[in-house]
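First the structure, in the form of structure tokens, and then the observations on it.
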Amino acid sequence: CLVCWVCLVCWVCLVGVVKTTMQSLDGTVAIDSEKGTGTKVALKLPLTMVIARGLLVMVEKEIFIVPLANVQEIVRVNACDVKTIKGEEAISLRKGVVPLIRLAKALELYVEENTKPEFDVLVVEIGGKSIGLVVDGLIGQQEIVIKSLDGYLKGVKGYAGATILGDGKVAFILDVASLVT
């Protein structure tokens with residue numbers, strides 16, 4: 001029947017997408033199907049894979065991920081509240097001073113003139129010190145599979161790994177500690 005054919009085509013497409021995604025993560029997919037009994041699908045990921053919660057942020061029209069374990073809080077800052085202390089930008093936050101790092105500049109991305117009256121700052125703690133990371137926008141939280149960087153990208157300052165987002169795009173996971181040192 002036509003409905004069965006449509007279901008079969010959808011099933012084959014789904015299996016293809018899952019197989020491609022698993023292969024890109026160095027994993028495998030095994031399917032065992034028996035008429036009248038059912039279908040068994042086994043997914044295997046390498047042990048080098050790590051799953052963590054991440055905060056998806058926008059920086060110069062690119063999506064990056066900051067591990068939530070690094071984020072203390074998120075604050076919305078008025079541009080007029082940014083002060084310059086010893087040539088560095090900073091904000092006053094709860095009776096303390098938090099230096100700012102503009103992620104676009106730290107990642108050496110093309111930087112447009114920043115004329116926004118307000119922007120988001122991720123406050124992170126590194127070595128007992130709070131530092132604010134300026135981002136262009138917040139997208140949301142998500143469970144991510146962290147894939148380490150190999151080859152030419154291994155050891156590049158600022159990047160801890162990469163992941164594949166739900167829409168199939170690759171996003172880099174930031175190594176906050178190396179960005180602020």
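Descriptive notes on the structure:
- Screening the candidates VAL71, VAL75, VAL97, VAL111 for the property of being open to solvent by 90 Å² or more (accessible area, probe 1.4 Å), aliphatic (A, V, I, L, M) and in contact (Cβ under 8 Å) with a residue 12 or more places away in the chain yields one hit, VAL97.
- Among the residues of the range 67-77, those identified as under 17 Å from PRO99 (Cβ atoms) and modelled with pLDDT of 90 or more are VAL71, GLN72, GLU73, ILE74, VAL75, VAL77.
- Filtered residues of the range 78-94 (kept if open to solvent by 50 Å² or more (accessible area, probe 1.4 Å) and in contact with a strand residue (DSSP E or B) (Cβ under 9 Å, 6 or more places away or on another chain)): ASN78, ASP81, LYS83, THR84, ILE85, GLU88, GLU89, SER92
- Within the range 92-128, the set of residues being among the β-branched types (Val, Ile, Thr) and closer than 14 Å to MET58 by Cα comprises VAL111, VAL121.
- Considering residues of the range 18-56 that are modelled with pLDDT of 80 or more and basic (Lys, Arg) only, the residue farthest from the chain's Cα centre (by Cα): LYS35
- Members of the range 137-181 that are free of Cβ contacts under 8 Å to residues at least 60 places away in the same chain, in contact with a strand residue (DSSP E or B) (Cβ under 9 Å, 6 or more places away or on another chain) and charged (D, E, K, R): ASP175
- Positions within the range 126-136 being surrounded by 13 or more Cβ atoms within 10 Å (Cβ to Cβ) and either of a type in the set (D, E, K, R) or touching a residue at least 60 places away in the same chain (Cβ under 8 Å) (or both), in sequence order: LEU133, VAL135, ASP136
- Restricting ASP175, ASP150 to those that are over 29 Å from ALA79 (Cβ atoms) and not hydrophobic (A, V, I, L, M, F, W, C) reduces the list to ASP150.
- Total residues in the range 115-125, condition open to solvent by 60 Å² or more (accessible area, probe 1.4 Å) and of a type in the set (Asp, Glu): 2
- Consider the range 138-170 and keep the residues that are out of contact with any Phe, Trp or Tyr (no Cβ under 9 Å at 6 or more places or on another chain) and at positive phi. The one that is surrounded by the fewest Cβ atoms within 10 Å (Cβ to Cβ) is GLY151.
The values are calculated or read from the model by the stated rules, or taken from the named source; none is laboratory data. Computed from a predicted model, the values in this text were never measured in an experiment. For neighbour counting, all protein chains shown are included, and Cβ atoms are generated from backbone atoms with ideal geometry for every residue, glycine included. To get the accessible areas, we keep the full protein, side chains included, count just its heavy atoms, and leave off ligands, DNA and RNA. Shrake-Rupley method; radii C 1.70, N 1.55, O 1.52, S 1.80 Å.
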